[in-house]
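Report on the following structure.
Values in this text are rule-based calculations from the coordinates and carry no lab data. These numbers were taken from a predicted model, which means no experiment stands behind them. Note that each Cβ is placed from the backbone with ideal geometry, even for glycine, and that neighbours are counted across all protein chains shown.
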Amino acid sequence: MDATSFTNEIARRRTFAIISHPDAGKTTLTEKLLLYGGAIQLAGSVRSRRNQKNTTSDWMELEKERGISISSTLLQFEYGGCVINLLDTPGHKDFSEDTYRVLTAVDSVVMVIDAAKGIEERTRKLFEICRLRGIPIFTFMNKMDRPAQDPLALVDELEKVLGINAFPITWPLGSGVEFKGVYDRLKKNLHLFERTAHNAHRAPEKVSGIHDSHLLARIPPHIREPWLEELEMLNVAGETFDEAAVLAGQITPVFFGSGMTNFGVQLLLDYFVQHGATPQPRQSTNGPVPPDSKDFSGFVFKVQANMNPRHRDRLTFVRVCSGLFEKDMVVNDPESGKPVRLSYPQKLFGQDRESLEVAYPGDIVGLVTHKAFRIGDTLTSNPAIRYDEIPRFPPEAFAFVRNNGASKQKQMRAGLTQLLEEGVIQSFELLDGIQTAPLLGAVGQLQFEVVAYRLETEYGANPRMEPAPFTQIRWFAPGVLKEDLIKLYLGSGVRLATDIRGQFVILFPDKWSVDYFVKEHPGFELHTVSPHALAN
Ligand SMILES: Nc1nc2c(ncn2[C@@H]2O[C@H](COP(=O)(O)OP(=O)(O)OP(=O)(O)O)[C@@H](O)[C@H]2O)c(=O)[nH]1
Ligand SMILES: [Mg+2]
């Protein structure tokens, strides 16, 4: 392939995640982006009634049952000449490890805000991470079909609370039952919407200029007058639009709409395709790697088993950072240094997959390999490139997982081994005493419910989770000696253990006992996450 067409392929990639506080409407918006992107013909809903379809991104049984997202989902499709890699992420704090990993793999994010609630705690946290990474942020003010806060106040809050400049691209005309449409401030036209049955189809719309008196006359004065005033205010007082500042993460373009009723979704998608962020050079431990480098490189940011009942296997998600990815290419195994073939690469659409031949920087490839790659692994044809991207979080919830009854031990072991590879739970072994069941640690309690559910439904085990009395864990520095540790007076409820790699850890019932230990034993260096890099 010649250099120009390779550069063109990179330039048409749009790889982004949808992020927010739980329930702001990420999955609903994702589904509508698929509908408007032509990737699905009929949109499902998060809590679907009989005869209605579920959403494409909440495909896990437990997600359908509870109406929340548990795991991030990748959706790839083509729209408007672009190849879109879209990731719907879970908002709940207990699943945040997955969401944070996704943020390492994308070039921009769409931040969804519930227009009735404004900026909520998880949104703020996720925003800070994007800010640190310099990721461009696009804002969607959602649920305008319900009584919303004043739009000027929402934009003001965005600027004050998050400390980012905001430029409204669209501006809402009314809210709640009187939400009539949005005005596109760049193209200077007004989009008036109509609802459709079950919101499953595209909403018909009428477009006209702001000075179309015939159209304006149809809008009741109590909505029209304040709206015209707001638009005037924005023009006089607001920011001027600066695309470079958007791509540098300094200004967030703001869109208003309603994922549920489809209003404003097309405008967001079209803007994104035209102006969204493209793959940029990526920082490796040896300096930045440009996407158009001739060396293939990428890294593993997610592993998930049993995604599709038809293929009970394990998928490794790789973000391609540079060079051309080709089916059956050979890279160095990051663990052993030996050559390993990347066979069976897949293009993913929620639970569905299709094999692919090539992929370009920006793309996310699903690999089905015999070799169990690990989260954080760099895959490359040039061993000098290494990405060290994946953030880690200390487990704060602990539980013993027991198998009810003596049977199904084999299923339990097989299931746990695979779920541990996904990296959302860790296992520990207590040093003293007899431990009759594996001790698990996770960022949040809800993760255990997911593990128990999956052990049962995907592996046929019969698990029972029993809370373990710890809330804090610390890793000792590498090289610490067991004989030095077992001599220590630990205090009540404090236990020593090893992690899955045999590294020594210490478990505490509360923060107070951590501080006490540090004061009593100042000679020991403690870490909140394992001091060993993920991929070695
Ligand atoms: N009225 C209204 N409800 C909406 C809109 N978008 C989403 N909802 C509802 O809000 C609830 C949560 O929507 P989801 O799309 O699951 O939210 P989410 O952000 O994906 O939630 P998590 O993935 O669990 O963090 C569902 O009941 C949706 O039907 C909207 O535009 N208007
Ligand atoms: Mg969701």
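Specify whether the C-alpha gyration tensor of region 190-255 places it in the rounded, prolate or oblate class, a ≥ b ≥ c being the square roots of the eigenvalues: rounded for a/c under 1.5, otherwise prolate if a/b is larger than b/c and oblate if not. Taking the square roots of the gyration eigenvalues as a ≥ b ≥ c, region 190-255 is oblate. On the beta carbon distance between Glu128 and Asp352, with R0 = 25 Å, the FRET formula returns roughly 0.15.
Cross-link partners of Lys160 among aspartates and glutamates, defined as those whose alpha carbon lies under 20 angstrom from its own and excluding same-chain residues fewer than eight positions apart: Asp114, Glu120, Glu121, Glu128, Asp150, Glu230, Glu239, Asp242. In this label model, Glu225 and Leu420 are separated by 7.0 nm, measuring between points 7 Å along each Cα→Cβ vector.
By the beta-carbon count within 10 Å of each Cβ, the least crowded to most crowded order of Phe393, Phe296, fewest first, is Phe393, Phe296. The mean sequence separation of alpha-carbon pairs under 8 Å and at least six residues apart, normalised by the residue count of the chain, gives a relative contact order of 13 percent. Using the Cβ-Cβ distance between Leu431 and Ala3 with R0 set to 41 Å, the FRET efficiency works out to roughly 0.10. Taking label positions 7 Å along the Cα-Cβ direction at both Asp510 and Gln52, the computed distance is 4.5 nm, reported to one decimal. The charge dipole of region 3-275, taken about the Cα centre with unit charges on the Cβ atoms of Lys, Arg (+1) and Asp, Glu (-1), comes to about 640 debye, rounded to the nearest 20.
Among the trypsin sites (Lys or Arg not before Pro) found in region 217-326, those both in a DSSP coil and sparsely packed, with 10 or fewer other Cβ atoms within 10 Å of their Cβ, are Arg310. Taking the fewest neighbouring Cβ atoms within 10 Å as the starting point, the ordered list for Met111, Met465 is Met465, Met111. A simple charge model with +1 on the Cβ of Lys and Arg, -1 on the Cβ of Asp and Glu and nothing else charged puts the dipole of region 397-535 at about 260 debye relative to its Cα centre.
Toward the positive end of the charge dipole of the chain, with +1 on the Cβ of Lys and Arg and -1 on the Cβ of Asp and Glu, the farthest Cα among Ile129, Gly276, Gly433 is that of Gly433. Extension gain, His521-Gln41: 0.36 nm per intervening residue step, less the Cα-Cα distance, totals 166.5 nm.
Neighbour counting of Cβ atoms within 10 Å sorts the residues Ile364, Ile434, fewest neighbours leading, into Ile434, Ile364. Computed from point charges on the beta carbon alone (+1 for Lys and Arg, -1 for Asp and Glu), the dipole magnitude for the chain about its Cα centre is near 1180 Debye.
What shape does region 230-306 have by the C-alpha gyration tensor, where a ≥ b ≥ c are the square roots of the eigenvalues, rounded means a/c under 1.5, and otherwise prolate means a/b greater than b/c and oblate the rest?
Working: a/c = 3.18, a/b = 1.63, b/c = 1.96.
Note, shape of region 230-306 comes out oblate.
Rg of the Cα atoms in region 141-291, relative to 2.2 N^0.38 Å, amounts to 1.17. If the chain linking Ile210 and Gln274 were pulled fully straight, counting 0.36 nm for each residue of separation and taking away their Cα-Cα distance, it would gain 20.7 nm.
Shape verdict for region 3-275, please, from the Cα gyration tensor: rounded (a/c under 1.5), prolate (a/b greater than b/c) or oblate. Cα axes put region 3-275 in the rounded bin. Could you point to the residue in Ile251, His222, Gly298 farthest towards the positive end of region 218-303's charge dipole, with +1 and -1 charges on the Cβ of Lys/Arg and Asp/Glu respectively? The listed residue farthest towards the positive side: Gly298.
Here the sum of -39500 (n - 2.57) over DSSP H runs of 4 or more residues, divided by the residues of the chain, equals -7500 deg cm²/dmol at 222 nm, to the nearest 500.
Are there GluC sites (Glu not before Pro) in region 430-536 that DSSP puts in a loop and that have at most 13 other Cβ atoms within 10 Å, and which ones?
Hits after loop and neighbour filter: Glu525.
Between the residues Ala148, Val161, Thr196, the greatest Cα displacement towards the positive end of the dipole of region 134-196, with unit charges on the Cβ of Lys, Arg, Asp and Glu, is found for Thr196.
Hey, how many Å between the Cα centroid of region 266-305 and the Cα centroid of region 388-459? So the two Cα centres are separated by 32 Å.
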